Amino acid sequence: MRIKEFFKIDFIGIGAAKAGTTWLADNLRNHPQIFIPEKKELIYFNKTMQFGRDIHNYRYEKPVSWYHAFFENAQPDQIKGEISPHYFTSSEAVKKIYQYNPDIKLLVTLRNPVEVAFSSYFFGIQIGEIKPVPFEIAIKKYDRILNSGFYFKFLKRYFERFPSKNIKILLFDVVKEKPEVLYKDVLDFLGLNEYYPDSLRTSSNKTKQNKNQFLNYFITFSRNFIHKHNLHFLIPMLRYSGISPVAEYIRDHLNVVSKGKGARQSLDDDSVRMLQDYYLQDINQLEKLIDMDLSHWKA
């Protein structure tokens, strides 16, 4: 299929992070009426990339033809979309997405911010962005662990620009308990036929524990160095030479603790209560914004 310049994609999943976006992308990609690029996070609409700290996003200045090229293999009878959790917290993304297509449909996955904070902490350790220190110390040193859980603050920007009928809120709780129900809700929102892939009850992108933390720190440092110093010409060279894929495969598959070993710690009751109080006001405001009962996040 040849992409036309006037072409606009139909939907975008804007996050939030660690709330089922990979599961959503995997299962929507398996629907015959949907085209999602194999590259899950295109990160086109935000000026910075939140890799530990804000780093300039070279994709932001790319022409729309660059963005559309990711959809060139879509069939005429497929709707097209992408999912990038980076958009959720970016004020630039809200404006640029609206400028791109004010009628676009937005998918928003939300998860209890207390769970997200703990999951983000472990994920940050996994990919080498956070040093393996206790959670109570990490949240004081790395603001982003807690800041991404203020859903009302970030989602309010989207509701101010886009009509509420074009925003679908999806709760991670339902993904875990009734994935078929949530998936049908998404298909209805997108105006598609019912189709349930076998992957619906398969978990995606689970956070893992590392064997060698230095390797992940090195990969993250290299990535951040390239973005910070605008050495983006190195990215395709590293990819096509096989260096990046091999390093990422070792990081994600070989440099992890085997299942059943290295049990992951859990939040103690005092930390849970502290985080519930920390997010309470934002959750109360969020309930009104999205007209949903989130009392199970407060207790």
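For the reader, a short list of remarks on this structure follows.
- Qualifying residues in the range 85-108 (those that are among the polar types (S, T, N, Q) and modelled with pLDDT of 95 or more) - the one farthest from ASN57 (Cα to Cα): ASN101
- Take the conditions (1) within 26 Å of TYR142 (Cα to Cα); (2) crowded, with 22+ Cβ neighbours inside 10 Å; (3) modelled with pLDDT under 95; TRP23 misses just one of them, which is (1).
- Of all the listed residues (ASN210, ASN230, ASN216), the sole one being touching a strand residue (DSSP E or B) at 6+ places or on another chain (Cβ under 9 Å), surrounded by fewer than 15 Cβ atoms within 10 Å (Cβ to Cβ) and at pLDDT below 90 is ASN230.
- Tabulated pairs, the range 9-33, first in contact (Cβ under 8 Å) with a residue 12 or more places away in the chain and of a type in the set (S, T, N, Q), second surrounded by 24 or more Cβ atoms within 10 Å (Cβ to Cβ) and part of a strand (DSSP E or B), C-beta under 9 angstrom, 6+ apart or interchain: THR21/GLY13; THR21/ILE14; THR21/GLY15; THR21/ILE83; THR21/THR109; THR22/ILE83
- Scanning the range 64-82 for residues that are part of a loop (DSSP other than H, G, I, E, B) and either aliphatic (A, V, I, L, M) or surrounded by 15 or more Cβ atoms within 10 Å (Cβ to Cβ) (or both) yields a count of 2.
- Among the conditions (1) touching a residue at least 40 places away in the same chain (Cβ under 8 Å); (2) over 30 Å from LEU286 (Cβ atoms), TRP66 misses just one, which is (1).
- Any pair with Cβ under 6 angstrom, 6 or more apart, that starts in the range 182-198 at a residue that is closer than 18 Å to THR21 by Cα and ends at one that is charged (D, E, K, R) and outside any helix (DSSP H, G or I): PHE189/LYS168
- Residue match in the range 34-52 (condition: surrounded by 15 or more Cβ atoms within 10 Å (Cβ to Cβ), part of a helix (DSSP H, G or I) and at pLDDT below 95): no
- For the range 176-203, the set of residues classified as among the basic types (Lys, Arg) and more than 18 Å from PRO32 (Cβ to Cβ) consists of LYS176, LYS178, ARG201, listed by residue number.
- Residue in the range 187-207 that is at pLDDT 95 or above and among the acidic types (Asp, Glu) present: yes
The values are calculated or read from the model by the stated rules, or taken from the named source; none is laboratory data. Only a predicted model underlies this, so the values are computations on that prediction, with no experimental measurement involved. Here Cβ is always computed from backbone atoms with ideal geometry, including for glycine, and neighbour counts include all displayed protein chains.
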